[in-house]
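Novice: Dumping the structure here so I can ask a few things about it.
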Amino acid sequence: MPSRKRDRSKTPEVPWELLPAAHAVPVNIVADAKGTVPVPVSASEIQQAAKAAKRAKEAERLERERLLREKAEKENGGVMDAAALAAANDAERDAWRRLVVLLATLQGDEEVEDLLREKHQELVHVAEKCGAFGKASVSLESAKTTARSWFERGLRGSNQHGPVAKTAVCNKLIATLEERANQLCEDSEAAVRRIAQTLQRGPSREEGPLACSMMARDLRGSRYEGLWISRKGPAGHYYLGDEHEGADLPSTDKDGDPIHPRVHAVVKVINDQLVISGFYLDPEDDTMSPAKVPIGPFLSVYFEGLSVREATNLWKNGPPPKPKPKPAPVRGAATAPAAAVASAADASLRALQAGLPPGWEVRESRSKKGVYFFANPSKGLSQMERPRV
């Protein structure tokens, strides 16, 4: 078949001397029958064009938000008001975060690795990319977007694909991973002995999941429940905390000095107890500060500024209860109406918290201030309806 002959371009050439230099007045190149003619563009025209582009971009954003809202309402089986939709989105974010934290905790466990390869291939490298071994290369939200095919497979055959349905998909795998973590440290004394052995002789794939699961278990019921814990390597070196959304860790101490939310700690078994032997104050520093306390008191010293004695006494009877969420502060002078509103808010919050089943708590929506929902962090559950005993 003969090749097709192609005509040369009919676009008129622009002489190089007519092209604007970097310091020249902006121009539009207009082509007419006589060739190309540079037409100067005024500063006001440039500003008007920039404003028009900005308005178009804002209109596009609003339209995109409207379409997403309509899609969410449709996927969740009906119309959701703003408060319910905000709570559903928060619950989805919390569930995804809890899932990634568990994947980081159990990184290297053969049973979990086999499960991921067989049924959840999209999640195999999620913990690593989110910072299990070093600096995170993606955010939790980006990782969730990358794993959209995993959600699609989990929701196949369902007529709902919104945040409520995605939360359920996460919670299903969370339950499996939590069961595995509980198996690893079911016999705490045997687990500690095994950690001592693996710290000396390995293997690392057994040391990491076992030590992480033990430390996570010691934090249940405290304000640090659900803390990011992963094995950094080499033996005994771990990451505690993270910089991702939802970590809810203090960023400054009582003196206002910054606190790094991700601490590099070294663990050891001393007197048949798993303890934080030392830690590094700065991620870039190679000088280790001594600690020699269990993880709970260590976190209270590191994040809350307590003394070792105060922290030890705080944790001596088990994890201290989580602090109750504080109502939003009232700005300006505390007038009588403002004080009455604050008092009513406190009373409403106490009423919500009263009589909740064990493990449940009231949380305020991060994206919709003043909207509260019920959460059970240990089970990875969040809902608008009050849980029943």
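The values are calculated or read from the model by the stated rules, or taken from the named source; none is laboratory data. Predicted model only: the values in this text are computed from it and were never measured. Counting neighbours? That spans all protein chains shown, and the Cβs are built from the backbone with ideal geometry, glycine included. Accessible surface is based on the protein model in full, side chains and every heavy atom, while ligands, DNA and RNA are left aside. Shrake-Rupley method; radii C 1.70, N 1.55, O 1.52, S 1.80 Å.
Novice: State yes or no: is Ala95 in contact with a strand residue (DSSP E or B) (Cβ under 6 Å, 6 or more places away or on another chain) and either under 19 Å from Pro209 (Cα atoms) or assigned to a helix (DSSP H, G or I) (or both)? It would help to see each step written out before you state the result.
Specialist: Working: in contact with a strand residue (DSSP E or B) (Cβ under 6 Å, 6 or more places away or on another chain): no; either under 19 Å from Pro209 (Cα atoms) or assigned to a helix (DSSP H, G or I) (or both): yes.
Answer is no for this residue.
Novice: Among the helices (runs of 4 or more DSSP H) confined wholly to segment 104-146, which include 2 or more residues that are closer than 17 Å to Asp94 by Cα and open to solvent by 40 Å² or more (accessible area, probe 1.4 Å)?
Specialist: On the way: elements: 110-119, 126-129, 140-146.
Fully inside segment 104-146 and qualifying: 140-146.
Novice: Which residues, counting only those in segment 255-277, are without any contact (Cβ under 8 Å) to a residue 40 or more places away in the chain, under 24 Å from Met214 (Cβ atoms), of a type outside the set (Val, Ile, Thr) and in contact with a Ser or Thr (Cβ under 6 Å, 6 or more places away or on another chain)?
Specialist: Listed by number, the list is empty, since nothing qualifies.
Novice: Need pairs with beta-carbon distance below 8 Å; first residue loosely packed, with under 15 Cβ neighbours inside 10 Å and within segment 239-254, second assigned to a strand (DSSP E or B); sequence gap 6+ or separate chains.
Specialist: Ser251/Pro258; Thr252/Pro258
Novice: Take the residues in segment 132-152 that are under 17 Å from Gln121 (Cβ atoms) and without any contact (Cβ under 8 Å) to a residue 12 or more places away in the chain; name whichever of them is nearest to the chain's Cα centre (by Cα). It would help to see each step written out before you state the result.
Specialist: First, the residues of segment 132-152 that are under 17 Å from Gln121 (Cβ atoms): 143-152.
Of the ones still in play, those that are also without any contact (Cβ under 8 Å) to a residue 12 or more places away in the chain are 145, 148, 152.
On the way: Thr145: 13, Arg148: 16, Glu152: 21 Å.
Of everything passing the filter in segment 132-152, Thr145 is nearest to the chain's Cα centre (by Cα).
Novice: Then there is this: Consider segment 158-174. How many of its residues are touching a residue at least 40 places away in the same chain (Cβ under 8 Å), part of a helix (DSSP H, G or I) and not basic (Lys, Arg)?
Specialist: The qualifying residues number 8.
Novice: What is the number of the single condition among (1) of a type outside the set (A, V, I, L, M); (2) in a helix (DSSP H, G or I); (3) farther than 17 Å from Leu240 by Cα; (4) in contact with a strand residue (DSSP E or B) (Cβ under 7 Å, 6 or more places away or on another chain) that Asn313 does not meet?
Specialist: For Asn313, the exception is condition (4).
Novice: So, of the residues in segment 228-273 that are of a type in the set (S, T, N, Q) and either within 19 Å of Met288 (Cα to Cα) or in a loop (DSSP other than H, G, I, E, B) (or both), which turns out to be farthest from the chain's Cα centre (by Cα)? Even if it seems obvious, please write down each step before you answer.
Specialist: Initially, segment 228-273 is screened for residues of a type in the set (S, T, N, Q), giving 230, 251-252, 271, 273.
Subsequent filtering for residues that are either within 19 Å of Met288 (Cα to Cα) or in a loop (DSSP other than H, G, I, E, B) (or both) retains 230, 251, 271.
Working: Ser230: 15, Ser251: 15, Asn271: 36 Å.
Applying the filter and picking the extreme gives Asn271.
Novice: Please state which of the following conditions Met214 fails to meet, knowing it meets all the rest: (1) in contact with a Leu (Cβ under 7 Å, 6 or more places away or on another chain); (2) open to solvent by 20 Å² or more (accessible area, probe 1.4 Å); (3) part of a helix (DSSP H, G or I); (4) aliphatic (A, V, I, L, M).
Specialist: Every condition holds for Met214 apart from (2).
Novice: Could you list all residues from segment 276-292 that are in a strand (DSSP E or B) and either surrounded by fewer than 19 Cβ atoms within 10 Å (Cβ to Cβ) or at pLDDT below 95 (or both)?
Specialist: Scanning segment 276-292 gives Ser277, Gly278, Phe279, Tyr280, Met288, Ser289, Pro290, Ala291, Lys292.
Novice: Please tell me if Thr167 is of a type outside the set (A, V, I, L, M) and either open to solvent by 20 Å² or more (accessible area, probe 1.4 Å) or out of contact with any helix residue (DSSP H, G or I) (no Cβ under 9 Å at 6 or more places or on another chain) (or both). Step through it out loud before you land on a result.
Specialist: Numbers: of a type outside the set (A, V, I, L, M): yes; either open to solvent by 20 Å² or more (accessible area, probe 1.4 Å) or out of contact with any helix residue (DSSP H, G or I) (no Cβ under 9 Å at 6 or more places or on another chain) (or both): no.
It is false that Thr167 is of a type outside the set (A, V, I, L, M) and either open to solvent by 20 Å² or more (accessible area, probe 1.4 Å) or out of contact with any helix residue (DSSP H, G or I) (no Cβ under 9 Å at 6 or more places or on another chain) (or both).
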